[in-house]
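Presented below is the structure to which this report refers.
The values are calculated or read from the model by the stated rules, or taken from the named source; none is laboratory data. In this text, all values refer to a predicted model and were calculated from it rather than measured experimentally. Here the Cβ positions follow ideal geometry from the backbone for every residue, glycine too, while neighbour counts run over all protein chains shown.
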Amino acid sequence: MNIPQLNKHSLAFPHPNDASPDGIVAWGGDLNHSRLIRAYQNGIFPWYAHGDPILWWSPNPRLIMELDDFRLTRSLKKNIKKFEYKFDTNFIEVMHKCASTPRNNQNGTWIQEEIIEAYEVLYGLGIAHSIESYQNDVLVGGLYGVVIGKVFCGESMFAHVNDASKAAYAILVRHLKKWGYDFIDCQVPTNHLKSLGAKEVTREYFLERLHKSNMDLLGNYWEIDKKLEA
């Protein structure tokens, strides 16, 4: 099938249900903050390799984490106390570490400098956020993502110490529940996130949930709880 090319002078996207069998909705355009926000509002996100055009995705099935389904194992519950946690104090460094941390069965990273620059703008607008794990004031794990309505759209995570990213994820889930969020968009199915309790849903179901959440805007609680208790 022919994948539509975005018009740089328009923020419009094709409907996600018209995506390719692999989940590609469109290609091209740019990473302007207005386009990124419009994409996330419609269940679409950018994901592409260095040297390739920007690819916009809405996979089917979609992976989501219902906040009550998060699996806090006995060992993770114990290890949570090994770290200190903060929100939004080291966003760019979290992105750089997500980009540079080696991963099994993965060569290179999709988190290129232009991606970092684009999400730094979203961070400045209070739309992108990081959750960070520290030991002795050293950043050892964390994750970042984008908030749309009552949904946290997770982008990437890293750990330089065992359970550092899982622990940050657990802290995130705890606070999202307290603040009244609906669920976490985990985007592409992975065994790692499934082991934490995430589940696959159809694109249609995901978009229905997302559109409902877009109608409810929450307060900026991220500015309230900068330093978090384990």
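Contact annotation: residue pairs with Cβ atoms under 7 Å, 6 or more positions apart or on different chains, pairing a residue in segment 1-20 that is surrounded by 12 or more Cβ atoms within 10 Å (Cβ to Cβ) with a partner that is assigned to a loop (DSSP other than H, G, I, E, B) and among the aliphatic types (A, V, I, L, M), are F13/I44; P16/I44; S20/M1; S20/I3.
One line per residue, one yes/no per condition, for (1) of a type in the set (G, A, S); (2) under 26 Å from D182 (Cβ atoms):
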residue: F13; (1), (2): no, yes
residue: G28; (1), (2): yes, no
residue: Y40; (1), (2): no, yes
residue: Y48; (1), (2): no, no
residue: I54; (1), (2): no, no
residue: I64; (1), (2): no, yes
residue: S75; (1), (2): yes, no
residue: Y85; (1), (2): no, yes
residue: D88; (1), (2): no, yes
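Report whether or not W47 is of a type in the set (A, V, I, L, M, F, W, C), crowded, with 16+ Cβ neighbours inside 10 Å and within 19 Å of H211 (Cβ to Cβ). Step through it out loud before you land on a result.
Values: of a type in the set (A, V, I, L, M, F, W, C): yes; crowded, with 16+ Cβ neighbours inside 10 Å: yes; within 19 Å of H211 (Cβ to Cβ): no.
Judged against the criteria, W47 is not a match.
Determine whether segment 7-23 contains at least one residue that is modelled with pLDDT of 95 or more, outside the structural domain of V146 (by TED's automatic domain parsing) and assigned to a strand (DSSP E or B). Scanning segment 7-23 turns up no residue that is modelled with pLDDT of 95 or more, outside the structural domain of V146 (by TED's automatic domain parsing) and assigned to a strand (DSSP E or B). Screening segment 44-79 for residues that are in a helix (DSSP H, G or I) and touching a strand residue (DSSP E or B) at 6+ places or on another chain (Cβ under 9 Å) and picking the one that is farthest from Q5 (Cα to Cα) gives D69.
Quick one: is A39 closer than 21 Å to A99 by Cβ, of a type in the set (G, A, S) and free of Cβ contacts under 8 Å to residues at least 40 places away in the same chain? In short, yes. Within segment 80-99, the set of residues being in a helix (DSSP H, G or I) and farther than 30 Å from I24 by Cβ comprises I80, K81, K82, E93. Condition check for H50 on (1) at pLDDT below 95; (2) touching a Ser or Thr at 6+ places or on another chain (Cβ under 9 Å); (3) not assigned by TED's automatic domain parsing to the domain that holds L11: one failure, at (3). When segment 127-165 is examined, which residues are found to be under 14 Å from the mean Cα position of the chain (by Cα), more than 13 Å from I184 (Cα to Cα) and outside any strand (DSSP E or B)? Those that are under 14 Å from the mean Cα position of the chain (by Cα), more than 13 Å from I184 (Cα to Cα) and outside any strand (DSSP E or B): I127, S165. With respect to (1) among the hydrophobic types (A, V, I, L, M, F, W, C); (2) in a loop (DSSP other than H, G, I, E, B); (3) under 24 Å from G180 (Cβ atoms), the lone exception for L122 is condition (2).
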